[in-house]
Amino acid sequence: MRRFLCATLLSLMPGLAFAGPLDLSHEIRDKGLQATQSRLAALNAPTGEEAFALAGLRFLGAVEQALQLRWQVGLEADWSELPILRLPIPPNPEAREMQGQDITALIAGVTTGMDEARAALGQVGNRDFGLEIDLADLWFDINANGQRDPGEAIADVAVEALGLWGLAPEPGQIVIRFDGSDAAWLTAYTHLISGTATVFQAYDPGPAIDRILQSTRDMHALWGETPPPNAWDMMFGKQVDRVTIILQALAQEPDAALAAKAHGHFLAMIEENRRFWSLVEAETDNDREWIPNEKQVSALGLQLPPGTGAQWQAVLADAEKLLKGEILMPHWRYGAEAGISLKKLFEAPPKVDLIGMIQGEALLPYAEKGVVMSGQAWSDFERLMQGDAVLFAVLFN
C-alpha cells in the first residue's frame, strides 16, 4: 500500500524522463527545470530521449510557473477544483494582492505549456528510448529565487497534497526508466490537463474573482474599530468567497468554442490512453517501469492485478461513449429510459443553474431517450482495485 501511494502521488506531475544515466536528472537537481528545458529546446535535431525529456520538462515547467504565480499572490492550497490550485506551496509573507487576471493568466499558462509539451512529443514519433530519472533530483523553484529551498521538492509537494508525509524518497531510492510507451501516456495526460484548463477558460473566473474580492474588502471596511461579534468570517469567509466565485463564473455565458476545444481534448486523451495500453501490453522487458503490464513491476514496487488494463479500457470506453453521446448520463428525475447527452452539453454549453440542474428543468434541453450509462465498468474496476480505484485512476489518467 505504501509503495502504491508513492506511485499515485507521482502521477500528479507526469512525464519526467531525462537522457543519459541520470546526467539530465542531476542537471535538473543542480540547475532547475527551466535552465535544463532551455538547453534542450535549443537542440537542432534532438534524439528520442531528448525530445521526450523536453516534453516532460515543459509539462513540469507549466506547473512550476503556475506555482510561482500562486506564491506571488499568496494563493493557498484550498482550491481543489483544479489540480494545480490544490498543490501546497510555502508561505509568502510579502505576497501581493491577487487579481482576477492572475488566475486567467495561470490557466492560460497551463494550456500553453501542455501545447508545447505535445509539440515536443511529436518529435519523439515512434522511436523507442530508455531514460532514467531519480525522483529525488526534481524540484519546483516555487519562489523563483533559483535555489532549491525546503518544501520545493516535487515529491514533497505531492506527498503533502495527499497527506502522506514522510514518504519523500532519498537520492537513488526511486529511479524510473521511461520508454516509448510512456510517450503515449504523457500525451494522454497533457490532453487531460488541457481539457480541464480549457473548461475553466470557457467559464473565465477572472471577472467574478475581482468582483467578490472587492466586495469582501468593502465588507471588511464596514467593521470600523469594533471587533466582529463572532469568528465566522475568520473560519468560513474565504471558503464562502471561493464558492461564490465559482458559482458566479459558472452562471455567465460560456465560450462555446472553448467548450468544443475541451471536448476534443478529452476524446484525444482517451485515444492516446488506449494507444498507451496497447504499447505497454506488448512490452517484454521488466526494467524500472513507470506503469507496468501484468508481467512487470514498476520502479515504485507497483504490480497490477490481472485484468487491470482491460478493465481500465472498459472504463475509458464508457467515457468515450458519453463524450460522443452514444450513452447518456443518468438523472434522478428522468427515469431509466432517458438521460443527459454530454455531447450536447459540450456543443452548446449552458449557463450553470445549479438548483435548476438538480431539479432537472435546466437540463431538459440536453435530455433525450436512449441507453443510460449503468456504471458497471467503473464498479468492476473498483472491485479489481480493492478500494484504490480513484488513486489508480489518477495514475492511469
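Would you confirm whether any residue within the stretch 220-228 is part of a loop (DSSP other than H, G, I, E, B), among the charged types (D, E, K, R) and outside the structural domain of Ala268 (by TED's automatic domain parsing)?
Scanning the stretch 220-228 turns up at least one residue that is part of a loop (DSSP other than H, G, I, E, B), among the charged types (D, E, K, R) and outside the structural domain of Ala268 (by TED's automatic domain parsing).
Kindly indicate whether Glu253 is assigned to a loop (DSSP other than H, G, I, E, B), in contact (Cβ under 8 Å) with a residue 40 or more places away in the chain and not small (Gly, Ala, Ser). Here the answer is yes, as Glu253 does meet what is asked.
Let's see how each residue does on (1) within 19 Å of the chain's Cα centre (by Cα); (2) closer than 29 Å to Leu391 by Cα:
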site	(1), (2)
Leu106	yes, yes
Val110	yes, yes
Pro150	no, yes
Gln173	no, yes
Ile212	no, no
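Please state which one of Ala367, Ala336 is crowded, with 18+ Cβ neighbours inside 10 Å and touching a strand residue (DSSP E or B) at 6+ places or on another chain (Cβ under 9 Å). Unique residue meeting the criteria: Ala367.
If we scan the stretch 237-255, do we find a residue that is modelled with pLDDT under 90 and not charged (D, E, K, R)? So far as the stretch 237-255 goes, yes, one or more of its residues are modelled with pLDDT under 90 and not charged (D, E, K, R). Scanning the stretch 271-290 for residues that are touching a helix residue (DSSP H, G or I) at 6+ places or on another chain (Cβ under 9 Å) and on the phi > 0 side of the Ramachandran plot turns up nothing. Among the residues of the stretch 368-397, those identified as of a type in the set (A, V, I, L, M) and touching a Lys or Arg at 6+ places or on another chain (Cβ under 9 Å) are Val371, Met373, Ala389.
Among the residues of the stretch 22-42, are any free of Cβ contacts under 8 Å to residues at least 60 places away in the same chain, charged (D, E, K, R) and crowded, with 21+ Cβ neighbours inside 10 Å? Scanning the stretch 22-42 turns up no residue that is free of Cβ contacts under 8 Å to residues at least 60 places away in the same chain, charged (D, E, K, R) and crowded, with 21+ Cβ neighbours inside 10 Å.
Within the stretch 282-322, the set of residues being in a helix (DSSP H, G or I) and surrounded by fewer than 14 Cβ atoms within 10 Å (Cβ to Cβ) comprises just one member, Ala310. For the stretch 120-140, state whether one or more residues are among the basic types (Lys, Arg) and part of a helix (DSSP H, G or I). No, there is no match, as no residue in the stretch 120-140 is among the basic types (Lys, Arg) and part of a helix (DSSP H, G or I).
Put simply, of Gly387, Gly325 the only residue that is on the phi > 0 side of the Ramachandran plot and under 23 Å from the mean Cα position of the chain (by Cα) is Gly387. Does Met235 satisfy the criteria of being assigned to a helix (DSSP H, G or I) and without any contact (Cβ under 8 Å) to a residue 40 or more places away in the chain? Considered against the rule, which asks whether it is assigned to a helix (DSSP H, G or I) and without any contact (Cβ under 8 Å) to a residue 40 or more places away in the chain, Met235 comes out as yes. Flag set for Gly356, criterion: small (Gly, Ala, Ser) and either part of a helix (DSSP H, G or I) or within 21 Å of Lys324 (Cβ to Cβ) (or both).
The numbered conditions (1) surrounded by 18 or more Cβ atoms within 10 Å (Cβ to Cβ); (2) β-branched (Val, Ile, Thr); (3) within 30 Å of Val280 (Cβ to Cβ) are all true for Val372 except (3).
The values are calculated or read from the model by the stated rules, or taken from the named source; none is laboratory data. Computed from a prediction, not measured in an experiment: that's the story for all the values here. Backbone-built Cβ (ideal geometry, glycine too); neighbour counts: all protein chains shown.
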